[in-house]
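The values are calculated or read from the model by the stated rules, or taken from the named source; none is laboratory data. Model, not experiment: these values are computed from the prediction. Using ideal geometry, Cβ is built from the backbone for each residue, glycine included, and neighbour counts are taken over all protein chains shown. Note: areas computed on protein heavy atoms with side chains; ligands, DNA, RNA excluded. Shrake-Rupley method; radii C 1.70, N 1.55, O 1.52, S 1.80 Å.
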Amino acid sequence: MAGGPGSYVFGAEEKKELMDVIESGCLFRYGTPGVDGFQAKVVTFEQEMAERLGHKHVVATTSGTGSLLCCLAALGIGAGDEVIVPGYTFIATISTVILANAVPVLAEIDESLTLDPTKLEALITPRTKAIIPVHMLGNPCDMDPIMAIAKKHGLFVIEDCCQAVGASYKGRRVGTIGDMGAYSLNVFKTITTGDGGFVGTSDDELYERAFGYHDQGHKPCRMGVEVGNRSIVGMNLRMNELSGAVAVAQGRKLDGILETLRTKKALLKDQLQGLPGLGFRTINDPGECGTLLTLLFDTAERANKFCQAMGTVPIAKSGWHVYNNMEQILNKVTATKANCPYDCPRFETKVEYHKHMLPQTDDILDRAVNISVGVVDKGLGSGCGINIKSDTEEINAVAKHIREVVLSL
Ligand SMILES: *Cc1c(COP(=O)(O)O)cnc(C)c1O
């Protein structure tokens, strides 16, 4: 079965929360607790997740993509602004910047497969407004140098936590380090509602704006009662009570899932140490999710031979998480005055994207192979490996097989 670890552990808890909602008949996120049996699952999820992660505020949404849009809108990022994003990420990190009428500027990753802080400053121009570090494959970005650069240049930081719900960096959960965090609950993520997401922040004003963008500009009206004048134009990205019910149950399982994944990953990884030509990507903090094990070979040739024997592909060829495979943006000028909706004098950016524009990223991804620990997803190149339900015997067998293949190369 393809999917993230949360989808493997559905059980009585999700069923109970869902039945509460079905029996109440109240599927809309707004209502008054105790009236008509309203269950307030979305609000409960928001409050519990905020406390779990250390955010002052959480807004539940319909997707990680919607969450990124909320963050961009809350920070007022738009026409003429440049936003630095890594060239290895899910397309949504890039497309939401384009949809906000701003310009994504692609940056190199390092061997952690996340944003390379040493390559950031060269990309900053007077138009740069924000950086979006992406905690890719459950691994937190090296946030200290990223935050230092952002502070020095007065830039906003939106953490894309879609692949790293619950991960921590130096004792803080990802998403609480920058100005805002965007999270996904789609089926391939650590915990899931099928589709869904949320935004986290500890800034009152950003919360108010993110909430407004997610629901037609409303001030945070948790029970559906208007609490003030609407100050911004918004969308409808509201989570409903059915998703909220599953989100409550999954959220309560989050830390248990992460503990299990870290244990199983260690068991697998320990058996693959010291093999010729084989290393691993850099892990920036032991608080990573443990959702995937990323092998890093010394040469692309060795990585390719390994993949042929395993029936998989190196990350470079895994599909649309790699900028080289994003045909929507390649060889197109994304930013011209023509697609700026305003008469905007500062709009002079012209950015083109082309294959192999990030040589360091290409070199790393040519040598990198994803093995599933908890996220079984061909689109990430992690169609093979173990899953959260795998027992020690199965993990040992997978480790033995990988060892034999590596030794035969
Ligand atoms: C999945 C993902 C998203 C988008 O999340 P959806 O819920 O699918 O919209 C954004 N960024 C990254 C890094 C992701 O992996």
| field | Per residue accessible area in Å² of region 13-56, where ligands, DNA and RNA are left out and the probe is 1.4 Å | value | 53
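Largest first and in whole Å, give the semi-axes of region 157-205's equivalent ellipsoid, each being the square root of 5 times a Cα gyration tensor eigenvalue.
After diagonalising the Cα gyration tensor, the semi-axes are 19, 13, 7 Å.
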| Probe 1.4 Å, accessible area per residue of region 102-223, Å² | 30
| As computed over region 104-187, the Cα convex hull volume per residue (Å³) | 93
| Nearest 20 debye, what's the magnitude of the dipole of region 92-188 about its Cα centre given +1 on Lys and Arg Cβ and -1 on Asp and Glu Cβ? | 340
| Relative contact order for region 33-107: what is it in percent, counting Cα pairs under 8 Å that are at least 6 residues apart? | 25
| query | When we measure straight from the Cα of Lys269, which lysines land under 26 angstrom away, once same-chain ones fewer than 8 places off are left out? | reply | Lys170, Lys189, Lys253, Lys305, Lys317, Lys378, Lys389, Lys400
| said: Placing unit charges on C-beta atoms (Lys and Arg positive, Asp and Glu negative, everything else neutral), compute the dipole magnitude of the chain about its Cα centre in debye, rounded to 20. | reply: 240
| task | Send over the semi-axes of region 241-282's equivalent ellipsoid, whole angstrom and largest first, taken as the square roots of 5 times the C-alpha gyration tensor eigenvalues. | result | 35, 11, 6
| message | Using a 7 Å offset from the Cα along the Cα-to-Cβ direction at both Met1 and Leu275, what is the distance between the two label points in nm, to one decimal? | response | 2.8
| note | The answer for region 255-331, accessible area per residue at 1.4 Å probe in Å², is 42
| note | Heavy-atom accessible area of the chain with neighbours in place, 1.4 angstrom probe: carbon+sulfur share in percent works out to 53
| query | How many times 2.2 N^0.38 Å is the alpha carbon radius of gyration of region 1-76? | reply | 1.31
| said: Counting each pair of different Cα atoms once, what's the Kirkwood radius of the chain in Å, rounded to one decimal? | reply: 21.8
